[in-house]
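Asks: Structure provided below as structure tokens; questions to follow.
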Amino acid sequence: MSLQMKRGMKAEAIASRYLQQAGYMILEKNWRWDHAEIDLIAKDGDTIVIVEVKARSSTSYGYPEEAVDDQKIHHLCRASEAYIEEQKLDCPLRFDIISIIFKQKQTEIKHFKDAFFPID
């Protein structure tokens, strides 16, 4: 397994714990549909939250959250529609990003609620 894959798995575990500590219920991890994957699907009150987790070891190439481009948003939106339909849910939906930067002695976590809205 590559270093990048290990870092991604570690970041998703950190994000999951972070959300649970904030009172979210984790419904799914690494949920796949077609060619898209949703890192985390959580519930915040009555709202389903689609969470994209991005991590980097530095900001040399920008902040992790900046890597969520229009193509990624499109895939997440399509996959979230499939999840909602599959689960027959009728509730509010929100898209969040959790950005993680692994520093030498600490981990920096930022949570962006309503980070983006569906693209048609």
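Asks: Take ILE109 and decide whether it is within 16 Å of the chain's Cα centre (by Cα) and closer than 15 Å to SER57 by Cβ.
Replies: Judged against the criteria, ILE109 is a match.
Asks: Further question on the same structure: Would you check which residues across the stretch 87-105 are out of contact with any Ser or Thr (no Cβ under 7 Å at 6 or more places or on another chain) and either modelled with pLDDT of 95 or more or closer than 22 Å to GLN20 by Cα (or both) and list them?
Replies: GLN87, LYS88, LEU89, PHE95, ASP96, ILE97, ILE98, SER99
Asks: So, restricting to strands (runs of 3 or more DSSP E) that lie completely within the stretch 1-79, which ones have at least 1 residues that are touching a Pro at 6+ places or on another chain (Cβ under 6 Å), at pLDDT below 95 and of a type in the set (Lys, Arg)?
Replies: 47-56
Asks: Another question, if that's okay. What number goes with the only condition from (1) touching a helix residue (DSSP H, G or I) at 6+ places or on another chain (Cβ under 9 Å); (2) within 30 Å of GLN104 (Cβ to Cβ); (3) crowded, with 19+ Cβ neighbours inside 10 Å that SER16 does not pass?
Replies: (1)
Asks: Here is a further query. Among the residues of the stretch 94-120, count how many are assigned to a strand (DSSP E or B), surrounded by 17 or more Cβ atoms within 10 Å (Cβ to Cβ) and hydrophobic (A, V, I, L, M, F, W, C).
Replies: Count: 5.
The values are calculated or read from the model by the stated rules, or taken from the named source; none is laboratory data. Given the structure is predicted, the values throughout are model-derived calculations rather than measurements. Quick reminder, even Gly has a Cβ in these numbers, built from the backbone with ideal geometry, and neighbours come from all protein chains shown.
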